[in-house]
Amino acid sequence: MRAVVYERYGPPEVLRVEDVPGPVAAEDELLVRVRATTVNRTDCGWRSAKPFVVRYFIGVLRPRRSVLGMEFAGEVEAVGPAVGEFDVGDLVFGVTGFGAHAELVSIRESAAVAHKPAGMTFEEAAAVCDGACIALSCLPEPDRLRGRRLLVYGASGSVGTAAVQLARHFGAHVTAVCNTKNVELVRSLGADEVVDYLREDFTKNGQTYDVVFDAVGKHSFRRCRRSLARGGMFIETDPGFMWHVLPLAVLTRWIGDKRVKLGMARYTKRDVLLLKELIEAGQYRAVIDRRYPLEDVVEATAYVETQQKTGNVVLTVNGGSTR
Ligand SMILES: NC(=O)c1ccc[n+]([C@@H]2O[C@H](COP(=O)([O-])OP(=O)(O)OC[C@H]3O[C@@H](n4cnc5c(N)ncnc54)[C@H](OP(=O)(O)O)[C@@H]3O)[C@@H](O)[C@H]2O)c1
């Protein structure tokens, strides 16, 4: 199969498209012919080995897994004998750890994979799961969001666009913070209020929030703690310089009346099924910034690394197809 491979850590140029042996479906796995995938910030972290600590998970000197790619949408090509939920020919979408930047990817039936939402193209479906699963892992439980005031900082990124839509769905009053060029987009996603950070600093407007969610790892508890209501929570997606968010999260459990939480991504079938349901009910959509063919993965990755994408960047595979 054709796949994007890398054998050493480095800039986007370490990626190249090659013919490699394809995966096979194990006993409890499905083999998916990928029609679309994405380049996300985690793919970039694995490729560049930044921060350095990621090497302890994926290979100290060189990457142990040579094909990146987490999100996918495509068609089931084969199923293992123990698979009951999917059949050959089913259209699916989901998220895995590695391997989706390829024509074929295998995934366990019990993992974060489900039938593709009706009426959604492969490209749209590929761009759903990563940002939304991160947002679902980081945000408070739905019953702790209903009626609460939530501010999403970085509301136009992959995680941010998901957080705005999901928090609104769970009944929060959502204030979205973004650049002027993205104001209309985040409003269209359901934000109750939008703060254009080029014109207004939300930390100085006198408003307070029950939750401030930094969806892009660019704010800090120190800068926004006065914008938190009593008992409020600052949720960070990035461990920050020297991983300082972790000790802060521990300290604020004991000191003060405002808490810090470091959200960690969890990818579950339960969340993918929830997303399918919301999409089919017209309550969630994937935001796509740019699309590239798989062969242009270096260009796509360089764009993602500008940290200025709006929503998601899609790679089309096997000719894409919009079915
Ligand atoms: N915790 C976890 O388990 C986990 C897992 C994966 C990723 N992450 C983290 O999640 C974060 C978000 O990922 P993502 O894919 O959503 O990011 P992204 O899509 O690359 O975010 C791009 C958006 O960020 C906004 N932005 C960039 N610089 C900004 C700044 N200085 N101030 C305000 N907004 C800024 C831009 O919006 P405007 O154009 O509107 O400024 C742009 O639309 C990253 O920090 C990533 O490391 C965490």
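The values are calculated or read from the model by the stated rules, or taken from the named source; none is laboratory data. These numbers were taken from a predicted model, which means no experiment stands behind them. Every residue, glycine as well, gets a Cβ built from its backbone with ideal geometry; the counts of neighbours run over all protein chains shown.
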**Request:** Identify the single condition in (1) within 16 Å of the ligand (Cβ to nearest atom); (2) surrounded by 14 or more Cβ atoms within 10 Å (Cβ to Cβ) that Leu228 does not satisfy, given that it satisfies every other one.
**Result:** (1)
**Message:** Given (1) over 23 Å from Arg225 (Cα atoms); (2) under 19 Å from the mean Cα position of the chain (by Cα), identify the lone condition not met by Lys181.
**Reply:** (2)
**Message:** Need a quick list: helices (runs of 4 or more DSSP H) entirely within segment 218-294 having at least 1 residues that are within 30 Å of His101 (Cα to Cα) and modelled with pLDDT of 95 or more.
**Reply:** 269-280
**Item:** In segment 1-31, residue surrounded by the fewest Cβ atoms within 10 Å (Cβ to Cβ) [restricted to those that are hydrophobic (A, V, I, L, M, F, W, C) and farther than 23 Å from Cys44 by Cα]
**Value:** Val24
**Prompt:** Limited to segment 271-298, what total is found for residues that are within 16 Å of the ligand (Cβ to nearest atom), acidic (Asp, Glu) and out of contact with any Ser or Thr (no Cβ under 7 Å at 6 or more places or on another chain)?
**Reply:** 1
**Message:** When you scan segment 27-35, do you find a residue that is in a loop (DSSP other than H, G, I, E, B) and either farther than 28 Å from Phe241 by Cα or free of Cβ contacts under 8 Å to residues at least 24 places away in the same chain (or both), even just one?
**Reply:** yes
**Fill in**
Considering segment 188-219, residues that are of a type in the set (Ser, Thr, Tyr) and over 23 Å from Asn312 (Cβ atoms), and then whichever is farthest from the ligand (Cβ to nearest atom), we arrive at Thr208
**Message:** Condition (residue is surrounded by 13 or more Cβ atoms within 10 Å (Cβ to Cβ), of a type outside the set (S, T, N, Q) and either touching a residue at least 40 places away in the same chain (Cβ under 8 Å) or more than 16 Å from the ligand (Cβ to nearest atom) (or both)) applied to segment 244-254: is it met by at least one residue?
**Reply:** no
**Request:** Give the residue that is surrounded by the fewest Cβ atoms within 10 Å (Cβ to Cβ), with candidates limited to residues of segment 139-178 that are within 16 Å of the ligand (Cβ to nearest atom) and in a loop (DSSP other than H, G, I, E, B).
**Result:** Pro140
